[in-house]
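In what follows, a structure is listed as structure tokens, so that the remarks can point back to it.
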Amino acid sequence: MEILRVHFILQRLIQLIPVVFGISIVSFLIIHLIPGDPASIMLGSRATPENVQQLTAQMGLDKPLYDQYLIFLQNLVQGDLGKSILLKQSVNTLISERLGTTFFLVMYASVLSLLVSIPIALWSAMKKDSLLDNGFRTLSIFGLAMPSFWIGILLMLLFSIKIKLFPVSGYGKNFIGHLYYLFLPALTITCSLAPVLVRPLRSKIINVFSSEYIEAARARGLKEHQIILNHVLRNAISGTVTILGVNIGWLLGGSIVIETIFSVPGLGQLLINSILSRDYPIIQGLVLVFAILVIVVNLLTDLCYAWLDPRVDLE
Amino acid sequence: MQPILEVDSLKVVLQTKQRTIHAVNNVTFHVRTGETVGLVGESGSGKSITCRSILQLLPTPQGKVVGGGIRFAGKDLLSYSKKQMQELRGREIGMVLQDPMSSLDPVYRVGEQLVETLRTHTKISKKDAWQKAVELLRLVGIPSPEKRVHDYPHQMSGGMRQRVMIALAICCDPKLLLADEPTTALDVTVQDQVLSLMKEIQQRLGMAILIVTHNLGVVAEMCDRVVVLYAGKVMETAATSDLFQTPRHAYTLGLIHSVPRIESEEKLEGIPGTLPDMSHAIKCCPFRERCSFATSECSFDEHTQLKEVAPGHWSACFHHERVCTQA
Ligand SMILES: Nc1ncnc2c1ncn2[C@@H]1O[C@H](COP(=O)(O)OP(=O)(O)OP(=O)(O)O)[C@@H](O)[C@H]1O
Ligand code: SF4
Ligand SMILES: [Mg+2]
């Protein structure tokens, strides 16, 4: 089993190579797809011809395209994403400084979403078609329909400006601080993510409840809470993990908006600022990092699914 | 000997949105300690519902016991609280379900499920429980149990899974085992193995068995006594040999005739017709419309009550004597 798992991971990592290669081309081309001279666009209207020339030389923009790509790729293989034009810092540092923050936010939001979704789904399933079930259904539709930036602003107005329970912005200094500062951003993401998780989980729970092994578990004399926690939820949850994994790209996208609203110093904020200041090396680096993140999370999701459901054959 | 299980005039209804089904209608029977009783009848006759109502595992929210009593070891089970019932299940009364392929939780190792059951009912350390799990698998005849205890259900064959189900049902030495068609889903060769396993364990533990089946072959092999059920009513109950040799109910006679005989070329008769509508409580012989013996008396409740027509032989058939001479 372990050998199988290692084999599976290796296989998936090998499959990653062409994908990463493709992404590198896309991210490389970002600079060249904008009409006009990249260097002068990056520097903006106040740049002198000398500045432009200097940047062109520095970035090797005067070389033929395939040469440029090879250099880009070479740097990439060495783990070098280049240098920011405006911030005069290496893109590697800029991204790695903020990666943790975004990762924390995404994880926080996922866990919070699960913590919210599981009881709601369970409750709705056990009281199927009741007032409560329908109430939650309406609430989900509402959460899905409202744009997350609007929900974010609303939560901010309510919890940090009206009742001053949570900070308006920032990240905090330690783990507890992160939990406190990122609560509203994570809650905002939860408002849109939980509805996506609740409905399928609810129907899966209903399904599992009527399955024969739950009846057999009752016949064995297990306590009702044992049955619900160890058997019903345990069997129903694996699908939710997959849905979370599938939504990871969307989650990252969502976190960009949320980070901007709550001024969280994460990748999203970096991306928005770089786009506004046309700092292309950072944008390129972020495109790559985001893409790889999505792929890695999907791999983790598959592993998690296989771990949760022993019947899944990793071949 | 004192009966371990007494079911007395049990009435169960199933209330669906569209209609009410009187699935069990005045069923009375008992099972003595160490005895094997068969509950037979065609599909839909209320065998499973009877069986489940003993453990109060009726389909929710439809199923409800609306009358009669169930006594186990002298105690009235219908007055038990939810908690008392939960403690009784798996400990005093074990149950084996029909389909071993779907009766084990797919995400836990069979050992984990045994340990879970053992530790729910007895104070036993994890380590000892695992030891006991291996012993139980050995008892139900699973080869190299030390290894198989770590298997997931999907890594086992249907026959092995049913053995595991039996191990789960008997792990706390119950006084009564309910087996709802324990072999129907299995291959013929495996069926025999599972049945003899049940007999063997019964002798070892001295428990009583109530086995639900529609297979008279299983009855002949396993049971001391038989309860024949039809449309939620008891038609006949007698010692197995008695019942096969001198059936005293037209429905039983029909059942026996519908069993294919391997040695004869005779074609399978079957009983023509289907179960009557059970959306109201039937107050006559429910078999009337399909019965070749039927006369006008059969439409009266008082003529078709279960009565002792020979020592230890109960029948609800008005024409039991005629049937007896025909057999
Ligand atoms: N969950 C349920 N909801 C509604 N009606 C049910 C349900 N389960 C059983 N019934 C009905 O109750 C009656 C008795 O069913 P039961 O399952 O006891 O039959 P059975 O004798 O076990 O038949 P089989 O040999 O098919 O298992 C049938 O008419 C059936 O349609
Ligand atoms: S009571 Fe009448 S109808 Fe019913 S089985 Fe006997 S003979 Fe047939
Ligand atoms: Mg049945």
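Just so you know, all these numbers are worked out from the coordinates, no wet-lab data involved. Owing to the predicted nature of the structure, the values given are computational and were not obtained by experimental measurement. Please note: Cβ atoms are built from the backbone with ideal geometry, for glycine as well, and neighbour counts cover all protein chains shown.
Observations on the model:
- The charge dipole of chain B, taken about its Cα centre with unit charges on the Cβ of Lys, Arg, Asp and Glu (plus for the first two, minus for the last two), comes to roughly 1200 debye.
- The mean sequence distance of close C-alpha pairs (under 8 Å, at least 6 residues apart), as a share of the length of the stretch A:230-295, puts its relative contact order at 22 percent.
- Measuring nothing but how far apart in sequence close Cα pairs (under 8 Å, 6+ apart) lie, relative to its length, chain A scores a relative contact order of 26 percent.
- Rounded to whole Hz, the Karplus (6.51, -1.76, 1.60) HN-Hα couplings of the stretch A:235-246, x for glycine and proline: 7, 7, 6, 4, x, 5, 4, 4, 4, 4, x, 4
- Semi-axes of the equivalent ellipsoid for the stretch B:3-228, computed as √(5λ) from the eigenvalues of its C-alpha gyration tensor and ordered from largest down, come to 28, 20, 17 Å.
- FRET efficiency, 1/(1 + (r/R0)^6) with R0 35 Å, evaluated for B:Glu87 and B:Ala220 via beta carbons: 0.45
- Pairs of Lys residues in chain A that lie 8 or more places apart, or on two chains, and have C-alpha atoms under 26 angstrom apart add up to 10.
- Reachable lysines, given that their alpha-carbon falls under 20 Å from the alpha-carbon of B:Lys307 and they are not under 8 places away in the same chain: B:Lys11, B:Lys233, B:Lys283
- Gain upon complete extension [B:Ser125, B:Thr60; 0.36 nm per residue less C-alpha separation]: 19.9 nm
- Helix A:267-276 axis, angle to chain A major axis (alpha carbon atoms, nearest 10°): 40
- For chain B, the relative contact order is 21 percent, taking Cα pairs closer than 8 Å that sit 6 or more residues apart in sequence and dividing their mean separation by the residue count.
- Bridge type composition, chain B - antiparallel percent by DSSP, nearest 5: 60
- Within straight-line reach of B:Lys199, meaning a Cα separation under 26 Å, sit the following lysines at least 8 residues removed in sequence or on another chain: B:Lys47, B:Lys132, B:Lys147, B:Lys175.
- Modelled label positions at B:Thr189 and B:Glu135, each set 7 Å beyond Cα in the direction of Cβ, lie 3.3 nm from each other.
- Across the alpha-carbon atoms of the stretch B:129-247, the computed radius of gyration and Dmax are 15.8, 50 angstrom.
- Averaged over B:102-110, number of beta-carbon atoms from partner chains that fall within 10 Å: 6
- Hull volume per residue, based on the alpha-carbon atoms of chain A and their convex hull, is 175 Å³.
- Distance between the stretch B:132-202 and the stretch A:220-277 - C-alpha centres, whole angstrom: 42
- With a cut-off of 12 Å between beta carbons, the residues surrounding B:His214 carry a summed charge of -2, where Lys and Arg count +1 and Asp and Glu -1.
- Computed from Cα atoms, the angle from the helix B:110-121 axis to the main principal axis of chain B rounds to 80 degrees.
- Loop-located trypsin sites (Lys or Arg not before Pro) in the stretch A:13-94 (DSSP state other than H, G, I, E, B) with a sparse environment of at most 16 neighbouring Cβ atoms within 10 Å: A:Arg46, A:Lys88.
- With a 10 Å cut-off around each Cβ of A:206-219, the average count of Cβ atoms from other chains is 6.
- Each Lys or Arg adds one and each Asp or Glu subtracts one; over the other residues with Cβ under 13 Å from the Cβ of B:Pro61, this totals +3.
- Rg/Rh (Cα only; Kirkwood hydrodynamic radius) as it applies to the stretch B:206-327: 0.96
- Sites A:Ala145 and A:Ser203, calculated FRET efficiency, Cβ-Cβ separation with R0 22 Å, nearest 0.05: 0.60
- Size of electric dipole in the stretch B:89-157: Cβ of Lys, Arg +1 and of Asp, Glu -1, about Cα centre, debye, nearest 20: 280
- Remark: mean inter-chain Cβ contacts per residue of A:193-202 equal 0, using a 10 Å Cβ-Cβ cutoff to other protein chain atoms.
- A cut-off of 5 Å between modelled amide H atoms, ignoring neighbours fewer than 5 places along the same chain, links B:Asn215 with no other residue.
- Averaging 1/r over each pair of different alpha-carbon atoms in the stretch A:2-77 and inverting the result gives 14.9 Å, the Kirkwood hydrodynamic radius.
- Net charge contributed by nearby residues that have their C-beta within less than 11 Å of B:Cys317 (K/R +1, D/E -1): +1
- Intensity falloff of the protein assembly as shown expressed as log10 I(q)/I(0), Debye formula with alpha-carbon point scatterers, at q = 0.11 Å⁻¹: -1.08
- Chain A: most fluctuating residue of A:Pro18, A:Pro281, A:Pro64 per GNM, C-alpha cutoff 10 Å: A:Pro64
- Farthest positive-ward along the stretch A:98-277 dipole, Cα basis, beta-carbon charges - from A:Ser203, A:Phe183, A:Ile153: A:Phe183
- 3J(HN,Hα) from dihedral phi, the stretch B:30-37, Karplus parametrisation 6.51/-1.76/1.60, rounded to Hz, x for glycine, proline: 9, 10, 8, 4, x, 9, 10, 10
- The alpha-carbon positions of the stretch A:48-168 define a convex hull whose volume is 225 Å³ per residue.
- Dipole of the stretch B:3-228, positive end: most advanced residue of B:Pro59, B:Ser81, B:Thr184 [Cβ charges, Cα centre]: B:Ser81
- Taking chain B as a Gaussian network of alpha-carbon nodes connected by springs under 10 Å, the highest mean-square fluctuation of the residues B:Gly44, B:Gly206, B:Gly74 belongs to B:Gly74.
- Sequence-ordered 3J(HN,Hα) estimates for the stretch A:50-57 from the Karplus curve with 6.51, -1.76 and 1.60 and θ = phi - 60° stand at 5, 3, 4, 4, 4, 5, 4, 5 Hz, glycine and proline given as x.
- Taking amide hydrogens as placed 1.01 Å from N in the peptide plane, the amide H of B:Thr36 sits under 5 Å from those of B:Ile209, B:Asp224, B:Arg225, each at least 5 positions away in sequence or on another chain.
- Rough spin-label spacing in nm, given labels placed 7 Å along Cα→Cβ, for A:Leu10 and A:Ile161: 5.7
- A simple spin-label model places the labels of B:Ser43 and B:Ser299 3.1 nm from each other, with each point 7 Å out along Cα-to-Cβ.
- Antiparallel content of DSSP bridges confined to the protein assembly as shown, in %, to 5: 65
- Size of electric dipole in the stretch A:98-277: Cβ of Lys, Arg +1 and of Asp, Glu -1, about Cα centre, debye, nearest 20: 220
- Working note: 222 nm ellipticity from helices only, DSSP H runs with n ≥ 4, each -39,500 (n - 2.57), summed and divided by the residues of the protein assembly as shown, gives -16500 deg cm²/dmol to the nearest 500.
- C-alpha center-to-center spacing [the stretch A:90-107, the stretch B:295-319] in angstrom: 84
- Cβ-Cβ distance of A:Ser130 and A:Asp67, R₀ of 51 Å, FRET efficiency by 1/(1 + (r/R0)^6): the value works out to about 0.15.
- GNM remark for chain A: springs join alpha carbons under 10 Å apart, and the peak mean-square fluctuation among A:Ala216, A:Ala109, A:Ala194 falls on A:Ala216.
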